[in-house]
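The values are calculated or read from the model by the stated rules, or taken from the named source; none is laboratory data. For clarity, every value in this text was computed on a predicted model and none was experimentally measured. Cβ coordinates were reconstructed from backbone atoms using ideal geometry, including for glycine residues, and neighbour counts include every protein chain displayed. Surface areas here come from the heavy atoms of the whole protein model, side chains and all, with no ligands, DNA or RNA. Shrake-Rupley method; radii C 1.70, N 1.55, O 1.52, S 1.80 Å.
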Amino acid sequence: MGVVLGSCLWITFVKNLIKDSSGLAFDDGHPTAYFWVHLLLAVVSFVLGTVIGVIGLRSVRALRRTS
């Protein structure tokens, strides 16, 4: 459940980053360093969370088979 919630949070974060109108993420329609750094942060966190979630799910399933 935590993996799903975390995934939804990062997806929402990226959607909000793309819609940013404060001028931090885009300068005259072009992405800024702020945009790229935060997009990279979101993607890496999403991928790591998914990988760790899959590893955890596989280990729980393996433990149930041996018990």
Selection from VAL51, LEU24, VAL14, by position along the positive dipole direction of the chain (Cβ): VAL51
Probe 1.4 Å, protein heavy atoms only - accessible area per residue of the chain in square angstrom: 81
Cβ-placed point charges (K, R +1; D, E -1), dipole of the chain about Cα centre in debye, nearest 20: 720
Where only C-alpha atoms are counted, convex hull volume of the chain per residue in Å³: 62
In degrees, nearest ten, helix 33-66 long axis to first principal axis of the chain (Cα): 10
Sites LEU39 and ARG61, calculated FRET efficiency, Cβ-Cβ separation with R0 30 Å, nearest 0.05: 0.35
Carbon + sulfur, % of accessible area of the chain - ligands and nucleic acids excluded, 1.4 Å: 71
The chain - mean residue ellipticity at 222 nm from DSSP helices (-39,500 (n - 2.57) per run, n ≥ 4, rounded to 500): -27000 deg cm²/dmol
Principal-axis tilt of helix 2-18 within the chain, Cα atoms, nearest 10 degrees: 10
